[in-house]
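First comes the structure, then the notes that go with it.
Bear in mind that the values in this text are calculations on the coordinates, not laboratory data. In this text the structure is predicted, and so the values were computed from the model without any measurement. Ideal geometry is used to build each Cβ from the backbone, glycine not excepted, and the neighbour counts take in all protein chains shown.
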Amino acid sequence: MGKFLTDAQVEGFERDGFVSGLKILDTAEVARLNALTEAFEAERPADIAWAFDIKANLLFDWVYDLGRHPRLLDAVEDLLGPDILMTNATFRIKNPGSHVDYGWHQDSARIEVTPAFVIVYVALSKATPENGCLKVIPGTHDRVRPFSLTEGSGQKKRLVARVVDVDPDQAVNLILEPGEVAIFHGNAVHGSAANTADYRRVAILYDYTPAAARQNVGMGSGQVVRGTDPHGHWGHEPVPEPGLTDANVLARRRILSTYHENVLMGPRLPGETVTFPDRPY
Ligand SMILES: O=C(O)CCC(=O)C(=O)O
């Protein structure tokens, strides 16, 4: 028995590359997080696309705080050990009728991290096959598979890897209630379909890496959220101040410029100018 996960859940993660249905947040916590999300969407509709994207944990103090939730970190620690960096948080929201889908991919395809990182899907709404829940293909976390590069519907202007040869019949739907969490391995082949339901799918996805890990290309960065980082393999990111302040936006810009090679943005291609979503100042 770990701090949060049972031995069977840890074994399941090692065998299948994911563990799902972990109850982390109570009803009041889910309601507060949805209220914060919806308030931002109502007040700043023009800023949603860039602010709810890569490293939102550097922009919103409450996204950072959620990523440090003690029960969530206990579950992550059971899989990664005691020294942990949070290297990313992105909102993944599909409104009713949204055509956004995520083709089959491995987050570590373009930049490998060893030992591997994990991704935590925090469900702020229920996740069902109808509203485009996450789907994972069990046992695919053993290696990076051949992929092609494309522009994804949910990640405009970013080249994303799509696995070339997938058997979708093997996929498992990660059906979740609000407040539940799924954790999957950075190599696990996963994807999700459009939302054909009449209710939203709201999630925040977090990446966590063991401090001892290294990228095979460039150097990533993160916030030390548990233990310490004595290794020096990662740049260290600041904690955001309350509110979407200029200081937070500029801090994220500085981090993404300094550590531009990360698993979401991938390696810099020859001649490529580093670009990332941002507010024009
Ligand atoms: O939110 C989803 O359904 C999948 C998102 C995803 O795989 C990604 O952002 O890489």
Difference of contour (0.36 nm per residue) and Cα-Cα distance, Leu36 to Val10: 6.1 nm
Treating only the Cβ of Lys, Arg, Asp and Glu as charged (+1, +1, -1, -1), what charge dipole size does the chain show about its Cα centre? Round to the nearest 20 debye. 600
Hey, in the GNM for the chain with a 10 angstrom Cα cutoff, which one of Leu59, Leu149, Leu134 fluctuates hardest? Leu149
I need the calculated FRET efficiency for the pair His236 and Asp165, taking r as the beta carbon distance and R₀ as 41 Å, to the nearest 0.05. 0.60
Could you work out how far apart the two model spin labels at Thr114 and Met219 are, taking each label as a point 7 Å from the Cα in the direction of the beta carbon, and quote it in nm? 2.0
For the chain, what class follows from the C-alpha gyration tensor (a ≥ b ≥ c being the square roots of its eigenvalues): rounded when a/c is under 1.5, otherwise prolate if a/b is larger than b/c, else oblate? rounded
With θ set to phi - 60°, apply the Karplus curve 6.51 cos²θ - 1.76 cosθ + 1.60 along the stretch 35-50 and write out the HN-Hα couplings as whole Hz, x wherever there is a Gly or Pro. 5, 5, 4, 5, 5, 5, 4, 6, 7, 10, x, 6, 9, 4, 4, 8
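Shape verdict for the stretch 179-276, please, from the Cα gyration tensor: rounded (a/c under 1.5), prolate (a/b greater than b/c) or oblate. Please list the in-between numbers first.
Numbers: a/c = 1.39, a/b = 1.35, b/c = 1.03.
Rounded.
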Stretched fully, the stretch from Thr258 through Thr27 gains (0.36 nm per residue minus C-alpha distance, one decimal, in nm) 79.3 nm
With each label point set 7 Å from Cα along the Cα-Cβ vector, what nm distance links Thr245 and Tyr199? 3.8
Length-normalised contact order of the stretch 7-258 in % [C-alpha pairs under 8 Å, at least 6 apart]: 33
Distance-filtered residues of the stretch 200-219 - backbone nitrogen under 13 Å, label point 7 angstrom along Glu130 Cα→Cβ: 200-201
Average Cα contact separation per residue, the stretch 1-89, under 8 Å, 6 or more apart, as relative contact order %: 39
Under 12 Å from the Cα of Lys94 - aspartates and glutamates, other chains or at least 8 residues apart: Glu130, Asp198
